[in-house]
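Enquirer: Quick one: the structure is below, and I'll ask about it shortly.
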Amino acid sequence: NVWFGGNGCIYRYSYAEEHLTLFISTQDSRFVFKDMHLLDNDNILCCSPEGILIVNKSTGKYHKPSNNLRELSASLMDSKGRLWLAFYNSGVEVFDIHSGKLIKSYKSGNSALTNDIIFCMTERNGIIWAGTDGGGINMIDLDNDRISVLSSVSGDPSSLPALSIKSIHT
């Protein structure tokens, strides 16, 4: 199956049946699903700027996690199976997907993160690339938690052209 989201809805396309169905409707069009992550064989984490839903793939039942009180700006499932969530103006929090426990928190006040507003994240070769609003690209090494930064340097044509990075593709 292929799962994708829309305004307040999650759809499923079945390859076997060659058929598209509306899988769930939240009745709340503010939930515009931006990212989806497989949590386990049964559940998908569906991320929207309005919050998070955990959807059971078999039953279509869903629930909102209890820590779902802040505006979500970016999410990522890393190669080690950890969930990275960036809540607006709160840096990045890393969770164990099995227990739901917070493992790490990166903020400008407790790390070398250059900005607490994260617009996007991707991973390449064990490095999390985080695009910020005014702090360039922060690269977090999964092995040692070291953060390095790509930023805009006035007069340097080989630096970033801007400090706000809204999307990254590897």
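Enquirer: List the lysines whose Cα lies under 22 Å from the Cα of residue 61, skipping any in the same chain that are fewer than 8 positions away.
Expert: List returned: 34.
Enquirer: Let me ask something else about it. Using a probe of 1.4 angstrom, how much of the accessible area of the range 87-156 is carbon and sulfur, in percent?
Expert: 46 percent
Enquirer: For the ranges 50-60, 84-94, what's the packing order if you count other beta-carbon atoms within 10 Å of each residue, average per peptide, and put the highest first?
Expert: Going from most to least packed, we get 84-94, 50-60.
Enquirer: Further, regarding this structure: Quick check for you: with a 1.4 Å probe and neighbouring chains kept, what is the accessible area per residue of the chain, in Å²?
Expert: 55 Å²
Enquirer: With only Lys, Arg, Asp and Glu charged, each at its Cβ (+1 for the first two, -1 for the last two), find how big the charge dipole of the chain is about the Cα centre; round to the nearest 20 debye.
Expert: Here the chain has a charge dipole of around 240 debye.
The values are calculated or read from the model by the stated rules, or taken from the named source; none is laboratory data. Everything quoted here is computed from the prediction, not taken from an experiment. Note that we place each Cβ from the backbone using ideal geometry, even for glycine, and neighbour counts take in every protein chain shown. Heavy atoms of the whole protein, side chains included, go into the accessibility calculation; ligands, DNA and RNA do not. Shrake-Rupley method; radii C 1.70, N 1.55, O 1.52, S 1.80 Å.
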